[in-house]
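Quick notes on the structure that follows.
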Amino acid sequence: MRAPGGFHGRRIQKTGGSTYIVSLPKAWVTGRGLGAGDVLLFTPRPDGSMTVYPDESPKAEPTRRTVMVSNKADEHHLFRRLVAEYIAGAPLLELKTPERMSARTRDVVRGFAQRMIGPEILEETADSVVLQDVVGSNPLPIPSVIRRMHQMVRAMQTDAMAAFKLRDASIAKDVIERDWEVDRLHWFVQKQVTTALRDARVLASLSLTLPECATYLLTSRTLERVADHGVRIADTVAMLGKEEPPAALVEELERLHATAATCLSDALDALEARDIDRANAVIDSAQRVARERQKILREVGTKRGRLAVSLAYVLESLERSALYATDIAEIAINHAVENRTEGPGSSV
């Protein structure tokens, strides 16, 4: 029988003393080339449902996707296309050019492979490069990736503030280069979630529900944006030149940074503990940062030239970082309610 919404309904039948059986829709069986004697695998889901899929042992050849690219393509455009292909999750990605692949195009492909988690160059010909995803079905736990991203983002912001205070170009350069590490982790989370949405076996291997995948993907994106503001603070070192920020203002900005960093840490803790009260405290604290920013901005307005612009950039980035922490805090509240298991603080 067919239930509302296009779902197939089947009655449970009992055979023997303790065995329950359910028939399968014929179209589903024949559409996948299955027949009597083939093995099906069952994966119970945390929401009480069960996923059914055919046993593919021995494993079939990995899917190969072929993409035509042009040697005349803009380097940034080509890199973005490679990122999109990576997130789409093909185990084998073949990049081909109509004529001999140029050295510039190969450099972009090699740089991409070095910066991402998983892709390795498997083979090269005069007009093609084949990349293989060596991570495959053994992903890193997404919650662990999120914690690693937070550690990196917090360190970047701390070092960016040190570079600003000391006007140290070497520290600033190091912060800017580390942004790639955060990006690659974010793209990895995107790839794993995208693949899990398409393949129930990957979802089962992640030990996460679909709502949890969405939660961590949103969190990853937010952390990536906080990292961008760390880069923006580091960029002010070159902007300052020989200008020296007033010590009193630097002290105020450092205090604001400490509060924003605490907001971010507390938001991640609230997410992990599903603590609604702690998440609300983060939002309240971030709102105080926004009010403090208005007070400091009046003092910044008395400065001129590149000093004023640099101070304004740092101030805005610190406020934005605190507000991004509120985004994670709101995600934490939604996550706590979705799971119906709240932490020690859950009053309204």
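Below are the figures for this structure:
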| item | result |
| --- | --- |
| Footprinting exposure proxy for GLU224, GLU244 (fewest neighbouring C-beta atoms within 10 Å first) | GLU244, GLU224 |
| Net charge dipole size for region 64-133 [Lys, Arg +1 and Asp, Glu -1 on Cβ; Debye, nearest 20] | 160 |
| FRET E, pair ALA204, ASP269, Förster distance 22 Å, beta-carbon r, rounded to 0.05 | 0.20 |
| Under-5 Å amide H pairs with ARG274, H placed in peptide plane, nonlocal only | none |
| Tilt relative to the chain, helix 75-88 - C-alpha long axis, 0 to 90 degrees, to 10 | 40 |
| Nearest-ten-degree value, helix 103-115 long axis tilted from longest Cα axis of the chain | 90 |
| Where trypsin sites (Lys or Arg not before Pro) fall in DSSP loop in region 196-245, at most 10 other Cβ within 10 Å | LYS242 |
| Packing rank of 252-258, 300-306, 89-95, 313-319, where each peptide gets the mean count of other beta carbons within 10 Å, highest leading | 313-319, 89-95, 252-258, 300-306 |
| Under Karplus coefficients 6.51, -1.76 and 1.60, residue-wise ³J(HN,Hα) of region 255-265 in Hz, glycine/proline x | 5, 5, 4, 4, 5, 5, 5, 5, 4, 5, 4 |
| Acute angle (nearest 10 degrees) that the helix 276-300 long axis makes with the longest principal axis of the chain, alpha-carbon atoms | 30 |
| Neighbour net charge for ASP159 - beta-carbon separation under 15 angstrom, K R +1, D E -1 | -2 |
| Order of ASP228, ASP266 under a 10 Å beta carbon neighbour criterion, fewest first | ASP228, ASP266 |
| FRET E, pair ALA73, ALA312, Förster distance 35 Å, beta-carbon r, rounded to 0.05 | 0.40 |
| Fully extended contour minus Cα-Cα distance, from GLU124 to ARG291, at 0.36 nm per residue | 54.5 nm |
| Cα pair distances exceeding 14 angstrom across region 155-228, given as percent | 64 |
| Rg(Cα)/(2.2 N^0.38 Å) for the chain, N = residue count | 1.26 |
| Amide H contacts under 5 Å for LEU122, placed H, 5+ residues apart | VAL130, LEU131, GLN132 |
| Neighbour-count order for ARG278, ARG80, fewest beta carbons within 10 angstrom listed first | ARG80, ARG278 |
| Given charges at beta-carbon only (K, R positive; D, E negative), |dipole| of the chain in Debye | 840 |
| DSSP bridge pairs, region 64-133: antiparallel proportion in percent, nearest 5 | 70 |
| Residues ARG221 and GLU299, FRET efficiency given R0 of 22 Å [Cβ-Cβ distance, rounded to 0.05] | 0.10 |
| Separation in nanometres of the label points that stand 7 Å from Cα toward Cβ, at TYR20 and THR43 | 2.2 |
| Selection from VAL289, PRO54, ALA163, by position along the positive dipole direction of the chain (Cβ) | PRO54 |
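A short reminder: the numbers here are calculations on the coordinates, not readings from a lab. No experiment lies behind these values; they were computed from the predicted model shown. Because the Cβ atoms are built from the backbone with ideal geometry, glycine has one as well, and the counts that use them run over all protein chains shown.
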